[in-house]
Every structure is written in C-alpha cells, then in structure tokens.
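The values are calculated or read from the model by the stated rules, or taken from the named source; none is laboratory data. Predicted, not measured: the structure shown is a model, and the values here were computed from it. In this analysis, Cβ positions are derived from the backbone assuming ideal geometry, glycine residues included, and neighbour counts consider all displayed protein chains. Just the protein is used for accessible areas: all its heavy atoms, side chains included, with ligands, DNA and RNA removed. Shrake-Rupley method; radii C 1.70, N 1.55, O 1.52, S 1.80 Å.
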Amino acid sequence: FVIMESTAVRLGQEAAAALVVLWMLLMTGGFHLDGLADTVDGIAGGRTRGARLKIMRSGSSGPIGVAAVTVLLLLKFGLLSGSGYERLWAALLFSPALARWSIVMMAWGSPPVRRDGLGHVFAGRIRGVDLLVATGFVVIPVLALNYFWGYTYLAPAVTAVLVSWGGMALFRRLLGGVSGDTLGATVEVGEVAILTVFFLVS
C-alpha cells in the first residue's frame, strides 16, 4: 500500500486508479467479470428460467453483458480516482473481503441451479460453521478498525449483507437458485456497492 500511495502521488490519482483496477482484474483473471457478463446476458435475454440458464451457459458474451462489464469497470475507476490517497488502501483492503463474504452468505442460503459447475460446489454445501468462520475473519477486523482507528466500516459491512440478501432473492426468483456465474457477478457488484458506501460515509 505504501508503493501504491507513492505511485498515486507520482503519477496522479487517475493513473493510479487505472493501475489498481488493472491489478484487481489480473489478480482474478477476469473470472468474476465473466460471471457478471454471463449473468446479465442470461437475465436480460431469457424469458424463462431455462432460457436464462441456457444463455448463461453458452460462454459467449452479448452486447449487454459487455456493456455491464464496461460500466462496472468505469465505476470502479471513478470511485478510486476520487477517493483520496489516505482512504485508498483501506477501501481496497476491505471491499474485496466484504464482497467475497457476501457470496459465502449467498451460497449458505441458496440452492444450486445445476448439479454441476462451481455453483453446485458451493451453494447448499456451506455449513453454518463455515459461515461463522468466514464472518469471524471479516467482521472481527472490521470491528477492530472501527474501535481503534475510527474508520466507518459498519455501513460497508451492512451493504455486503444487503447485496447478499438482494442477490439471493433475485436469483431465486429468476433462476431458481445460484450458479458460479451469479456468485461471480455478486462479487463484482458487491465491490462497487461497498466502495460507494465506504466513500460516502468516510
């Protein structure tokens, strides 16, 4: 984070934000963005549950899926470029963690839509103890930062819960459960939502 802040000072906030977005993309290999594109394509293009799932499984991204990925990356860049150096490290440390915690909750509370794929590996197989362990790894540092440094992390944590619950309700209604694509989409949407709330309240 010291290197990141030094880079931001030397190159400017916009260039640093673009590099951070690129770094986040390279760290995941675009895996979650692919899930976002497939999910948006399926929900937008299918009239029935079966049609949506078929589109999502095709593996090709349509115009609306590409547009969703583009808008999301622009939102990340805009949020990070206007964050200020002193808040950048904190946002990047906790937004990925909270977003991934949200999909642990989603996988615990939702059935898989298929009998294969990543959704089947996670959804319905997360036990209560797994959720408690994941919550401990995320919530304890969040509470510690609030207590010792006065950062406002409770609102972003609540945002992660709302993203999870909202995703569960939406995907149960439209797809009958969750899949690997919807989990990836939730991570990406969750990161943007958490970053937005963090910068609004901090």
(message) In whole Hz and in residue order, list the ³J(HN,Hα) couplings for region 169-181 that follow from phi through the Karplus curve 6.51 cos²θ - 1.76 cosθ + 1.60, θ = phi - 60°; x for Gly and Pro.
(response) 5, 5, 6, 5, 5, 8, 10, x, x, 10, 10, x, 5
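Which whole-number percent is the relative contact order of region 114-202 (Cα, under 8 Å, 6+ apart)? Walk me through the numbers on the way to the answer.
Values: 58 pairs, mean separation 33.9, N = 89.
About 38 percent, as a whole number.
Considering only protein heavy atoms and a probe of 1.4 Å, how much of the accessible area of the chain is carbon and sulfur, as a whole percent?
On the way: 7180 of 10350 Å².
Solvent-exposed carbon and sulfur of the chain make up 69 percent of the total.
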(message) For a test of the definition: using alpha carbon positions, the gyration tensor, and the 1.5 limit on a/c, classify the chain as rounded, prolate or oblate.
(response) oblate
(request) May I ask which residue of 182, 161, 194 lies farthest towards the positive end of the charge dipole of region 73-202, with charges of +1 (Lys, Arg) and -1 (Asp, Glu) on Cβ and the Cα centre as origin? (result) 182
(request) Determine the calculated [θ] at 222 nm for the chain from helices alone, applying -39500 (n - 2.57) to every DSSP H run no shorter than 4 residues and normalising by the residue count; nearest 500 deg cm²/dmol. (result) -27000 deg cm²/dmol
(request) Would you work out the relative contact order for the chain, in percent, from Cα pairs under 8 angstrom that are 6 or more residues apart? (result) 29
(message) Through the Karplus equation 6.51 cos²θ - 1.76 cosθ + 1.60, θ set to phi - 60°, convert the phi angles of region 94-103 into ³J(HN,Hα) values in whole Hz; use x for Gly and Pro.
(response) 9, 5, x, 5, 5, 5, 6, 4, 5, 7
(message) If you count only protein heavy atoms with a 1.4 Å probe, what accessible area per residue comes out for the chain, rounded to a whole Å²?
(response) 51
(request) Would you grab the residues whose amide H sits under 5 Å from the one on residue 178? Only those 5+ places off in sequence or on another chain, please, with H modelled 1.01 Å from N. (result) 113
